[in-house]
Amino acid sequence: MTKSYFVTGTDTEVGKTVASVAIMQAVAKAGLLVGGYKPIAAGSDETHEGLTNEDAVCLRAASNLALGYDEVNPCLLHEPCSPHTAAELENKEIMFSVLTDGLKNIQAKTDFTLVEGAGGWRVPVTYDATLADWVKEEKLPVILVVGIKLGCLNHAYLTAEAIRRDGLEIAGWVANRINPGTEHYSDIVKTLEHHLQVPKLGEIPYMTKVKTRDLSAYIDVKPLGL
């Protein structure tokens, strides 16, 4: 049976896609068939394939099997805002059944499926539901991405607390250095290691054009049982 993990972040713009690509690249180098899945994406660009989302395109490129764009991203919303707002603007309904069907399709084709969330853990998909509700239904273990910056300790503590309160396992976490000028970087990471008490899968340094690089060397997938 395929291994599946859900990637969430301490906030938006903390590097979920960067960490997801890095993990997928490392898993592929371990010899497994890996597919990326972005069930909901808000924000689109016109490309030769039509409207696509940049993060979903990155996950598709990091997959080492051929996947159609719609397989990777079944729910594409055009406005780059909270999914529940974007869906309302387009008069769309985000249905968990569609997200589940897409997940099962990827899982049937791969040894390892990485599911990237949108925003943070409690991102709303309707006025009454969050994407976390779907993750709970699917019982997916979670990988937490922490964008290392001032304030990230509080965000990481609260996110980890919420995930555990929802009854889900935190399988590991990734430190992503999103600001090269952040002071006390090493101490922040050390504090997170002490508090989170789950395997650190890696630290991704700050670099330009990070989404186009081979980041596999920064990730250790052994804690994921690989």
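The values are calculated or read from the model by the stated rules, or taken from the named source; none is laboratory data. Remember, it's a predicted structure, so these values are computed and weren't measured experimentally. FYI the Cβ positions are ideal-geometry reconstructions off the backbone, even for glycines, and counts take in every protein chain you see. In case anyone asks, the SASA skips ligands and DNA or RNA and just uses the protein heavy atoms, side chains included. Shrake-Rupley method; radii C 1.70, N 1.55, O 1.52, S 1.80 Å.
Condition check ((1) without any contact (Cβ under 8 Å) to a residue 40 or more places away in the chain; (2) buried (at least 17 other Cβ atoms within 10 Å of the Cβ); (3) part of a helix (DSSP H, G or I); (4) under 16 Å from the mean Cα position of the chain (by Cα)) across all residues:
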site	(1), (2), (3), (4)
93	yes, no, no, no
101	yes, no, yes, no
117	no, yes, no, yes
127	no, no, no, no
145	no, yes, no, yes
162	no, no, yes, no
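Filtering segment 17-43 to residues that are open to solvent by 30 Å² or more (accessible area, probe 1.4 Å) and part of a loop (DSSP other than H, G, I, E, B) leaves 30, 31, 32, 33. Of everything in segment 55-87 that is under 21 Å from residue 103 (Cβ atoms) and among the acidic types (Asp, Glu), the residue that is surrounded by the most Cβ atoms within 10 Å (Cβ to Cβ) is 55. Per the listing 105, 154, the residue uniquely under 20 Å from residue 2 (Cα atoms), assigned to a helix (DSSP H, G or I) and at pLDDT 95 or above is 105.
Scanning segment 180-189 for residues that are open to solvent by 70 Å² or more (accessible area, probe 1.4 Å) and either within 21 Å of residue 22 (Cβ to Cβ) or part of a loop (DSSP other than H, G, I, E, B) (or both) gives 180, 183, 184, 186.
Scanning segment 57-93 for residues that are of a type in the set (A, V, I, L, M, F, W, C) and closer than 17 Å to residue 104 by Cα yields 59, 65, 66, 67, 72, 75.
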